[in-house]
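Read through the structure below, which is laid out as structure tokens, and then see the notes.
The values are calculated or read from the model by the stated rules, or taken from the named source; none is laboratory data. Source: prediction; values computed, not measured. Here the Cβ positions follow ideal geometry from the backbone for every residue, glycine too, while neighbour counts run over all protein chains shown.
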Amino acid sequence: MLTGAFWTNASSSAALVILGGNFTFVPTDTSDLRQAIALYNPKDNSLIGLKGSQVNGTVHSLLVDSNKLYIGGEFSAEGSANGFAVYDLAAEAWASGAIQPLSAGANSQVVVRSISKPASNPNTVIVAGTFAQAGSLPCPSICEYDLSGQRWERLGEGIQGEISTINYAGVRY
């Protein structure tokens, strides 16, 4: 286990613990092998996996916003996801829409280590780690995903290197 998050399903009031990392397991309700993301229900002590295709690789970061699960790491997933994907927890499906994939620079691979949502701008998610571009947009190591416009935006000139975590100082960037 490398990361975790919490989600309460509004329709059933079930509180779930979402775990991410580099692991495989067989869910309580099936014999299908699942990997990298597990949903634990403490009420009935059950462990379930995401419905649909699985993340292939390691999950380093999770962020729950409403019913959306933002997943970051070193993985591939349904569609063109590369280190960053969005899963709709209420619909139990990969979020529809065309999120432009992240891509790496020469001799490296995409690794998303931090996904956060600044209080000062609730319509964005900040994604950070090791990558060079978001879609065709040069966006080294840190990029903003505009939730309402569903597009990537640069944060300055970016940062050459790797970012492992983001904290906010109470000022609007």
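Per-structure values
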{"quantity": "Residue list for the stretch 63-118, restricted to those being closer than 19 Å to Gly149 by Cα and among the charged types (D, E, K, R)", "calculated": "Asp65, Lys68, Asp88, Lys117"}
{"quantity": "Output for the stretch 56-74, where each listed residue is farther than 20 Å from Pro118 by Cα and surrounded by fewer than 23 Cβ atoms within 10 Å (Cβ to Cβ)", "calculated": "Asn56, Gly57, Thr58, Glu74"}
{"quantity": "Residue count for the stretch 1-40, restricted to those that are outside any strand (DSSP E or B) and either touching a Lys or Arg at 6+ places or on another chain (Cβ under 7 Å) or more than 21 Å from Ser116 (Cα to Cα) (or both)", "calculated": "12"}
{"quantity": "Wholly within the stretch 81-159, strands (runs of 3 or more DSSP E) carrying at least 3 residues that are surrounded by 15 or more Cβ atoms within 10 Å (Cβ to Cβ)", "calculated": "82-88, 111-116, 124-130, 142-146"}
{"quantity": "From the options Ile163, Ile115, residue that is within 30 Å of Phe25 (Cβ to Cβ), within 12 Å of the chain's Cα centre (by Cα) and modelled with pLDDT of 90 or more", "calculated": "Ile115"}
{"quantity": "Residue in the stretch 131-151 that is under 28 Å from Thr24 (Cβ atoms) and at pLDDT 95 or above present", "calculated": "yes"}
